[in-house]
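Here's the structure, in structure tokens; my notes come after.
Nothing in this text is a laboratory measurement; each read-out follows from the coordinates by a stated rule. Everything numeric here is computed off the predicted structure, so don't read it as measured data. Positions of Cβ are backbone-derived with ideal geometry, glycine not excepted, and every protein chain shown enters the neighbour counts.
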Amino acid sequence: MLYEVRNYHFRPDLIADYKVWAKTRAIPYLASVIDVVGFWVSTDDPPEVTGAPMDAMGSANVTWVIRWNDLAHRTDALPKALAGPAWGAIFADVPGGGASYLRIEAKFAEALM
């Protein structure tokens, strides 16, 4: 199994609207077409960071995890899930439009337990 951890830096002033959009539109669709393990939005509690200082953007405020069989499965399935008319209609309603995503990061991980 391969896990994709997606971290988004979404416009903080629109995060309340984003949570509604994610719960009612994005998550139901995404969970029906790919194996979404979980979807989280930061609380108002400050992050705890140790070590090197963060960059000016700070911590991501949206994180979700997708489970894949392997990278080839992800390379095939994710573009299909995000390219169809159903997702296009949902994404067209993201608060503030696509420019509200200030940074998108995706990394791949394997489970150790």
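For this structure, a couple of remarks:
- Of the peptides 8-15, 55-62, 44-51, the ranking by mean beta-carbon count within 10 Å, highest at the top, reads 8-15, 55-62, 44-51.
- Inter-label distance, ALA106 to TRP40: 2.0 nm, where each label sits 7 Å from its Cα along the C-beta direction.
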